[in-house]
Structures are given as C-alpha cells and as structure tokens.
Amino acid sequence: MSTQDPNCIFCKIVEGKIPSKKVYEDEEMFVFHDIHPWAPVHFLMVPKAHIPSLAQVSDQHAPLLGRMLALAPRLALQEGCEPYPQGGHRVIINTGDQGGQEVHHLHIHVIGGPRPWLKG
C-alpha cells in the first residue's frame, strides 16, 4: 500500500491536519464535502493511502475501489440526492493533467441534487 505524501492536501485532510466536513470514514477511505461544490451535493471520496491517480491503480486496489463505488450511491442519498431513476448523481474520476485532475491524489467526485434548469 502506498504511503502518505507530506505535500498532498488530501493526505493532510485524511490526517486531520486540514479541517474538512466529513461525510464518512473507515480504515481505508475518507469522504468529505468539496469546498467548491458544483451542485447542491458534491463530496469527494479518497483512499487514505496516497495513490496519485487512477493511472497508478493496480489489481491490489480493486477491492477498495469496488467498495468506494458501491458506497457512493448510499452516501449520495444520505447527503440529499433523490433516488434513481428520477433522481440520481454523477460519479467522476479525473485522471492526470489532461483529464482535469487538480489534486494528484486519487479521488472520486460524487455530484448531484436538484437541477431545476433541466425541467420544463
């Protein structure tokens, strides 16, 4: 398993050195609200181990990533997304600079909530 990166903002959040609004935590992952939300519901799911991006994931990470993706819908509902199929949420993993990744610590964006501009 990868170690922590002392210069990584997400590692500092996981370690409690930078405050965050926690959604969920277990031995392998930390979930917290995005400080610049794109929607009414927007939180980040990060592994506690420093993995720079999805490009560095190996077979050993498959159980953790599976648990993260399986947990995302439950946390989306808990945080205010409406149930599928009328409601729902978006899951995004940006990878690398050209993929829009700004913090180089693997993270999953979970985004949702009412979008009134789509109605009518």
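Listed values for the stretch 47-52 are Karplus-derived 3J(HN,Hα) couplings in whole Hz (6.51 cos²θ - 1.76 cosθ + 1.60, θ = phi - 60°), namely x, 5, 6, 7, 10, x, and x replaces Gly and Pro.
Based on Cβ point charges of +1 for Lys and Arg and -1 for Asp and Glu, what charge dipole magnitude is obtained for the chain about its Cα centre, in debye rounded to the nearest 20? I would put it at about 380 debye. When Rg and the Kirkwood Rh are both derived from Cα coordinates, the Rg/Rh ratio for the stretch 27-91 amounts to 0.99.
Using just the helices of the chain, give the 222 nm mean residue ellipticity in deg cm²/dmol: DSSP H runs with n ≥ 4 each add -39,500 (n - 2.57), and the total is spread over all residues, rounded to 500. Working shown, then result.
Details: 2 runs with 24 residues, N = 120.
The helix-only estimate for the chain comes to -6000 deg cm²/dmol at 222 nm.
Note the angle between two axes, namely the Cα long axis of helix 62-79 and the longest principal axis of the Cα atoms of the chain, as a number of degrees from 0 to 90, rounded to the nearest 10. The helix 62-79 is inclined about 40 degrees to the chain.
Checking Cβ-Cβ separations below 4.7 Å across the chain identifies 81 as cysteines lacking any candidate disulfide partner. Sorted ascending by nearby beta carbons within 10 Å, beginning with the fewest, 58, 53 become 58, 53.
Between the residues 3, 50, 110, the greatest Cα displacement towards the positive end of the dipole of the chain, with unit charges on the Cβ of Lys, Arg, Asp and Glu, is found for 110.
Taking R0 as 25 Å, what FRET efficiency do you get between residue 97 and residue 4 from their Cβ-Cβ distance, rounded to the nearest 0.05? Each step should come with its number before you reach the end.
On the way: r = 22 Å, r/R0 = 0.88.
The calculated FRET efficiency here is 0.70.
No value in this document is a laboratory result; all are computed from the given coordinates. Since the model is a prediction, treat every value here as computed from it, not as a measurement. Heads up, the Cβs are rebuilt from the backbone with ideal geometry, glycines too, and the neighbour counts pull from every protein chain shown.
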